[in-house]
Amino acid sequence: MDLEEKIAGEIVLSSKPGATMRKWREIFRISQQEIARHLGISASVISDYESGRRKSPGVGMVRKFVRALMEIDESKGGDTIKKFSPTYGEEAIIDMRDFPYKVSLEEFMSAAQAEIINKEIEPKRPIYGYTILDSIKAILHYNSFDYLKVYGWSIDRVLIFTGVYYGRSPMIAIRAHPLKPSAVVYVQPHKVDELAIKLATIENIPLAVTKLDVKKLKENLREL
């Protein structure tokens, strides 16, 4: 599935298509006025769709809207499109998998041999995948929009960070980004800082630690 199909499908299937249109417009950093000019319509039409004042857009409008996102981005160098390419950001992604079924938090943590630190929270989200990240490379090379790449086809996933010393930076990045993972796992951290635990708890995200090395962790998770 290419990016255009993904965006169009998400808008059409969304219970709030206008809000989803706005999400993608903002991801591409395109203003309502800019995309309206490209489509040859009034900016108020885009505003009405996004706010829900106008009824859900038809397939034709969705197709034009998505194509406009692509064409405007390409005219600026295609930076956002590149960030969604299969190879973008691979230097920070060690392993990534989407499950064809729901995995419980207990099942995942058992496979990862991970212990949850903030046990007082009550997690309610399912797990449909995971991404193992080199935290140093992610911190050095990723901005807030780049983090979209680590979520694959579902945000209901576990983000696993290697190269963690205190664990502050990954949780600060997660706290600042609108998309949140189902859980976070640190691989062999030196020590987990209280700030990281506090931020995870505020976001109601289970924060866990595993003593497994990356190789063994990947082997265990591939068996899920």
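Only the coordinates and a few stated rules stand behind these numbers; no lab work does. Just so we're clear, the structure is a prediction, and the values are computed from it rather than from any experiment. Glycine also receives a Cβ, built like all others from the backbone with ideal geometry; neighbour counts cover every protein chain displayed.
Data table
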| read-out | value |
| --- | --- |
| Sequence of Thr131, Thr201 once ranked by neighbouring C-beta atoms within 10 Å, starting from the fewest | Thr201, Thr131 |
| Segment 164-224 versus segment 3-34: alpha-carbon centroid distance in Å | 29 Å |
| Chain lengthening between Leu13 and Arg29 when straightened (0.36 nm per residue, less Cα-Cα) | 3.5 nm |
| Antiparallel bridges, percent of DSSP beta bridges restricted to the chain (to nearest 5) | 40 percent |
| Rounded to 5, the percent of DSSP beta bridges in segment 93-221 classed as antiparallel | 40 percent |
| Extreme residue, positive dipole direction of the chain, given options Ala43, Ala200, Tyr166 (C-beta unit charges) | Ala43 |
| Virtual spin-label span in nm between Glu203 and Glu4, 7 Å along Cα→Cβ | 3.4 nm |
| For a label point 7 Å along the Cα-to-beta-carbon line of Ser110, residues of segment 198-223 with backbone N under 14 Å | 221, 223 |
| Extended-chain gain in nm, criterion 0.36 nm per residue less alpha-carbon gap, Lys82 and Glu223 | 47.6 nm |
| Dipole magnitude of segment 93-221, debye to nearest 20 (Cβ charges: Lys/Arg +1, Asp/Glu -1, about Cα centre) | 140 debye |
| Point-charge dipole on Cβ atoms (K/R +1, D/E -1) for the chain, about Cα centre, debye to 20 | 540 debye |
| Distant-in-sequence amide H partners of Ile132 (H built 1.01 Å from N, under 5 Å) | Ile94, Asp95, Met96, Ile160 |
| Computed lengthening from Leu140 to Asp213, 0.36 nm per intervening residue step minus Cα-Cα distance | 24.0 nm |
